[in-house]
Protein chains: 2
Amino acid sequence: MGRIKLTIEYDGSEYVGWQKQQNGRSIQEEIEICLEKLFNSKIKIYVSGRTDAGVHAFGQIAHFDLKKSHIETKKISNALNYLLKKSKNKIIILKSEKVSGIFHSRFSVKKKIYLYKILNRSTPSFILENRVWHFPRSLNTGKMQEASHVLIGKKDFNAFRSINCQAKTSIRSLEAIKIKKNKDNIEIRVFGKSFLHNQVRIMIGTLVNVGIGKWDDKKVFEILKSKDRTKAGPTAPSCGLYLEKVTY
Amino acid sequence: MGRIKLTIEYDGSEYVGWQKQQNGRSIQEEIEICLEKLFNSKIKIYVSGRTDAGVHAFGQIAHFDLKKSHIETKKISNALNYLLKKSKNKIIILKSEKVSGIFHSRFSVKKKIYLYKILNRSTPSFILENRVWHFPRSLNTGKMQEASHVLIGKKDFNAFRSINCQAKTSIRSLEAIKIKKNKDNIEIRVFGKSFLHNQVRIMIGTLVNVGIGKWDDKKVFEILKSKDRTKAGPTAPSCGLYLEKVTY
């Protein structure tokens with residue numbers, strides 16, 4: 001039959017993350033369970049990149065190989081959505097499509113866009129619960145945008161990765177960071193081919209320290225140069241982060 | 001002491017509506033319970049207008065009178081938020097402020113803005129669950145905007161009110177309807193001084209019938225002229241509706 005690409009949206013707040021784990025439901029496992037129900041055989045799925053517990057996706061990409069199928073490829077999404085809903089999952093397959101055998105959800109990635117949402121006002125919001133980082137102190141997004149320029153380009157992001165990050169090299173190319181403010185809502189989009197573990201969230205935590213006036217762009221430059229995780233800002237909460245798009 | 005104005009945000013999906021009812025938690029009752037705890041006396045609150053079960057608010061307005069207060073007026077919101085959270089409510093008091101004794105949350109209204117959110121794509125969304133009307137058929141928002149003009153001005157909206165509506169007259173002045181589309185997300189804002197029961201939701205249901213090509217602006221004109229509820233479109237679901245702002 002061939003290789004199938006899935007475009008996936010999920011509410012990450014209900015899961016331990018993309019990857020299978022002992023301590024709760026994972027997105028990968030829930031989809032694999034439904035694929036097994038659908039095709040009566042164990043199927044392993046490959047993802048563009050894992051997301052952590054609480055992180056959402058508007059356009060996560062995964063692929064799997066199928067020996068034979070009793071349903072049309074584009075209808076696999078509907079069948080999976082039926083099964084996912086039945087098992088009370090918060091996952092939607094937006095699209096299922098046939099791709100060439102040389103396509104790989106992880107190795108063929110050209111660009112990823114992460115979106116980080118901040119609610120910047122004194123009171124929290126129940127309408128946006130688990131959907132944004134509620135940050136009560138006023139943020140200067142102009143200063144944040146200015147400081148973000150320090151991070152653009154091919155750099156050693158060792159200061160901006162989790163101490164548990166297992167990537168061999170900490171050098172990554174960051175294409176752009178775009179910050180938009182609309183009343184109390186701040187949206188930060190981060191563009192790049194690949195990211196280190198927690199890189200986006202640590203960059204956000206660092207830029208937020210700039211936004212409150214604690215740090216400036218020179219300080220962010222020093223942090224980058226230090227290659228020392230303890231120098232950078234806190235890891236921003238997972239609930240504000242969305243994997244928005246992956247292009248190939 | 002005087003009159004206090006509250007600006008209130010809530011996730012309506014957890015409530016039977018603004019007004020006290022036998023069959024579940026209402027926003028009014030939950031706030032009144034917290035006010036009683038705070039001030040040790042029964043306090044009745046008056047609202048700009050009730051919202052139905054499932055309808056949200058970003059800026060509902062209510063007022064109440066206080067004989068004496070042991071806390072600063074602007075800190076009443078914090079105290080109420082603490083109590084509301086403790087009783088597991090999805091209500092946030094954004095602001096508490098002192099107003100003149102001639103201010104009335106309902107009778108002094110100058111304008112109300114309702115926001116209606118539609119997710120217009122084939123698949124539903126768990127990230128936006130209870131926050132939008134998921135409408136799978138493609139909508140032509142240009143045609144909807146065109147047909148909306150028929151409803152603007154001082155008109156008899158009898159065809160656009162619930163059969164349970166108890167207002168003495170069905171004549172209302174509709175100031176504007178503005179429709180914005182951003183990818184799959186449609187936002188419709190409705191501006192007016194006051195509305196009949198279910199008026200916004202029936203207008204949305206009617207415009208959606210235009211959006212799918214079933215009706216056009218001439219048909220909407222006929223419906224308006226008929227003054228007959230059975231001629232208009234369905235009442236759009238409450239989960240997509242937000243009372244966005246009330247001005248005085």
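Summary table
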{"read-out": "Which numbered condition B:Ile113 misses (of (1) away from chain A (no Cβ under 14 Å); (2) more than 17 Å from B:Asn198 (Cβ to Cβ))", "value": "(1)"}
{"read-out": "Scan of the stretch A:139-180 for residues that are of a type outside the set (A, V, I, L, M, F, W, C), part of a loop (DSSP other than H, G, I, E, B) and surrounded by 12 or more Cβ atoms within 10 Å (Cβ to Cβ), ordered by number", "value": "A:Asn140, A:Arg161, A:Ser162, A:Ser170"}
{"read-out": "Selected residue [more than 28 Å from B:Arg161 (Cα to Cα) and either assigned to a loop (DSSP other than H, G, I, E, B) or not basic (Lys, Arg) (or both)] from B:Ser108, B:Ser96, B:Ser13", "value": "B:Ser96"}
{"read-out": "Some residue of the stretch A:127-135 being within 12 Å of chain B (Cβ to nearest Cβ), surrounded by fewer than 20 Cβ atoms within 10 Å (Cβ to Cβ) and of a type in the set (A, V, I, L, M)", "value": "yes"}
{"read-out": "The stretch B:188-247, residues that are part of a loop (DSSP other than H, G, I, E, B) and aliphatic (A, V, I, L, M)", "value": "B:Leu196, B:Ile212, B:Ala232, B:Ala236"}
{"read-out": "Flag for B:Lys168 being over 21 Å from B:Gly17 (Cα atoms), outside the structural domain of B:Gly17 (by TED's automatic domain parsing) and without any contact (Cβ under 8 Å) to a residue 40 or more places away in the chain", "value": "yes"}
{"read-out": "Filter result (away from chain B (no Cβ under 13 Å), in a loop (DSSP other than H, G, I, E, B) and over 15 Å from A:Lys112 (Cα atoms)) within the stretch A:43-86", "value": "A:Ile43, A:Lys44, A:Ile45, A:Ala53, A:Lys67, A:Lys68, A:Ser69, A:His70, A:Ile71, A:Glu72"}
{"read-out": "Given (1) within 13 Å of chain B (Cβ to nearest Cβ); (2) of a type in the set (Gly, Ala, Ser); (3) not in a helix (DSSP H, G or I), index of the condition A:Gly101 fails", "value": "(1)"}
{"read-out": "Qualifying residue in the stretch B:113-121 (condition: assigned to a loop (DSSP other than H, G, I, E, B), in contact with a strand residue (DSSP E or B) (Cβ under 9 Å, 6 or more places away or on another chain), polar (S, T, N, Q) and buried (at least 17 other Cβ atoms within 10 Å of the Cβ))", "value": "yes"}
{"read-out": "Residues satisfying the stated conditions in the stretch B:1-49, i.e. at pLDDT below 95 and hydrophobic (A, V, I, L, M, F, W, C)", "value": "B:Met1"}
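So that you can scan it fast, the table gives a plain yes or no per residue for (1) more than 15 Å from the chain's Cα centre (by Cα); (2) crowded, with 18+ Cβ neighbours inside 10 Å:
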position	(1), (2)
A:Asp11	no, yes
A:Val16	no, yes
A:Gln28	no, yes
A:Ser41	yes, no
A:Thr51	no, yes
A:Asn81	yes, yes
A:Gly101	yes, no
A:Lys111	no, no
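The values are calculated or read from the model by the stated rules, or taken from the named source; none is laboratory data. Values in this document were obtained by computation on a predicted structure and should not be read as measured data. Here Cβ is always computed from backbone atoms with ideal geometry, including for glycine, and neighbour counts include all displayed protein chains.
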